[in-house]
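Only one structure is covered here, and it is reproduced in the block below.
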Amino acid sequence: MTTTPLLPNFIAGRWQDGTGHGSTLLDPVLGTPLVRVSSAGLDLAEGFAFAREQGGAALRALTYTQRATLLGEIAKVLQTNREAYYEIATANCGTTTKDSAVDIDGGIFTLGYYAKQGEALGGPNG
């Protein structure tokens with residue numbers, strides 16, 4: 001019997017495996033197992049504290065212009081890899097390219113829009 005891989009979780013700044021069997025995610029078209037996921041055994045309080053103390057502090061230290069620049073860079077990376085997201089959407093949701101376009105291209109467009117809005121908020125001093 002072949003078991004599906006257990007996907008690790010990125011929490012508190014590092015990759016961690018959940019415990020136990022986890023939940024199996026199925027191919028929506030074929031019904032075959034793809035992977036398993038589990039958050040059992042993870043210290044979620046540690047994850048929340050890390051997000052508040054590390055992530056929150058880093059974000060608050062940025063100006064609007066710096067935040068906007070980061071959003072713009074994220075949008076560029078997503079745009080570069082967008083074809084892979086269509087494959088992922090089909091594998092995980094069984095959707096066609098046209099069905100996925102509103103989510104994939106719409107999400108990328110929205111990030112780009114917010115990046116431009118953030119630049120405008122920055123003003124002359126960022």
Problem - Gained length - residue 3 relative to residue 110, 0.36 nm times residue gap less alpha-carbon distance - result: 34.7 nm
Practice task
Report Rg (one decimal) and Dmax (nearest whole number) for segment 43-83, counting Cα atoms only, units Å.
Solution key: 13.8, 36
Practice task
Can you tell me the FRET efficiency between residue 43 and residue 82 if r is taken as the Cβ-Cβ distance and R0 is 41 Å, rounded to the nearest 0.05?
Solution key: 0.75
Problem - Alpha-carbon centroid distance for the pair segment 1-33 / segment 48-87, whole angstrom - result: 25 Å
Exercise for the section: Sketch the reach of a paramagnetic label on residue 32 as a point 7 Å from Cα along Cα-to-Cβ, and name the residues of segment 74-113 whose backbone nitrogen lies under 11 Å away. Expected result: none
Exercise for the section: Can you give me the P(r) profile for the chain? Cα pairs, bins 5 angstrom wide beginning at 0, each as a whole percent. Expected result: 2, 10, 12, 12, 14, 18, 16, 9, 4, 2, 1, 0, 0
Practice task
Scan the chain and note any complete DSSP helix (H) whose C-alpha atoms cover at least 27 Å along its axis and whose Kyte-Doolittle average is -1.0 or more.
Solution key: 97-122
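Quantify how much of the Cα-Cα distance distribution of segment 63-126 extends past 20 Å, in percent.
On the way: 747 of 2016 pairs.
Here the long-distance tail beyond 20 Å is 37 percent of all Cα pairs in segment 63-126.
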Completion exercise
Under the helix-only model (-39500 (n - 2.57) for each DSSP H run of 4 or more, divided by the residues of the chain), the mean residue ellipticity at 222 nm, to 500 deg cm²/dmol, is -17000 deg cm²/dmol
Exercise for the section: Using label points projected 7 Å from each Cα along Cα→Cβ, tell me how many nm separate residue 51 and residue 70, to one decimal. Expected result: 1.4 nm
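No lab work stands behind these numbers, since they all come straight from the coordinates. Everything numeric in this text was worked out from a predicted model, so none of it was measured. With ideal geometry, Cβ positions are generated from the backbone for all residues, glycine too; neighbour counts draw on all protein chains shown.
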